[in-house]
Amino acid sequence: MTDSAGEKFVVRALRAEEWQRAKELRLLALRDPVAPIAFLETYEEAVERPDSFWQERAVRSGEGAPGARQFIAEAGDGDWVGTFALLVEEAGSTDWAGFPVERNQGHVVGVFVRQDWRGGEVSTALLDAAVGWAWERGLERVRLIVHEDNTRAQAFYRRAGFVPSGVTVPLPQAPGEKELEFVLERARQGL
């Protein structure tokens, strides 16, 4: 694939043995200026995690893992320029915020694209890979949670067909702030 600036990249699933590169990309994401409204985890928390945490995370979300998949965008020079992860949420379970999960769905998390690659095709290609994997698994919808002040992300997801569900999630670490749920229904995709 090629982005709007003519830069070549590929999107693929993370491999378990790439845990160290996945860790480096996550730490970079957590230092991004928008990180405080994009991630629930801080850089300080993440950098203290042992290597075993990152290794297990890569196994749980890498190529072939059944309950999650992390996709990475790799530039032609081998640099990782973005990532999207999709978690499978089973009907009858409870999500990370304590809400009941009513149907089988995917939950987009851990989204990051390096600043010099934003605004091109990388974000769209990563999202398409994650949503495509969800549909292959027979999931009924894909959802994501976006901070109310993250208008750039909200605009991107709206352009991709996601719509606000009306569900809001309060942020205990930031009283008075909330996140908004956006959903993409499989039926809207005509599948």
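The values are calculated or read from the model by the stated rules, or taken from the named source; none is laboratory data. All values derive from a computational prediction rather than experimental measurement. Positions of Cβ are backbone-derived with ideal geometry, glycine not excepted, and every protein chain shown enters the neighbour counts.
Against the conditions (1) farther than 25 Å from Arg21 by Cβ; (2) modelled with pLDDT of 95 or more; (3) of a type in the set (Lys, Arg), Arg49 satisfies every one except (1). Of all the criteria given as (1) touching a Ser or Thr at 6+ places or on another chain (Cβ under 7 Å); (2) modelled with pLDDT under 95, the one not satisfied by Phe112 is (2).
Can you find even one residue in region 136-157 that is of a type in the set (Gly, Ala, Ser) and over 16 Å from the mean Cα position of the chain (by Cα)? Write out each step before concluding.
Of region 136-157, the ones of a type in the set (Gly, Ala, Ser) are 138, 153, 155.
Imposing the further condition that a residue be over 16 Å from the mean Cα position of the chain (by Cα) reduces the set to 138.
Yes: region 136-157 contains one or more residues that are of a type in the set (Gly, Ala, Ser) and over 16 Å from the mean Cα position of the chain (by Cα).
Can you tell which of Ala125, Ala58, Ala85, Ala97 is under 25 Å from Asn150 (Cα atoms) and in a helix (DSSP H, G or I)? The unique qualifying residue is Ala125.
Identify, please: which residue in region 94-108 is at pLDDT below 95 and not charged (D, E, K, R) and is, among those, nearest to the chain's Cα centre (by Cα)? So the residue we want is Trp96.
Quick check: anything in region 95-112 under 21 Å from Arg21 (Cβ atoms) and free of Cβ contacts under 8 Å to residues at least 60 places away in the same chain? Don't jump to the end; show me each part of the working.
Going through region 95-112, the residues under 21 Å from Arg21 (Cβ atoms) turn out to be 108-112.
Next, from what is left, pick out any that are free of Cβ contacts under 8 Å to residues at least 60 places away in the same chain: 108-109.
Within region 95-112, one or more residues are under 21 Å from Arg21 (Cβ atoms) and free of Cβ contacts under 8 Å to residues at least 60 places away in the same chain.
Applying the condition of being out of contact with any helix residue (DSSP H, G or I) (no Cβ under 9 Å at 6 or more places or on another chain) and not polar (S, T, N, Q) to region 139-161 and asking which residue is surrounded by the most Cβ atoms within 10 Å (Cβ to Cβ) yields Arg143.
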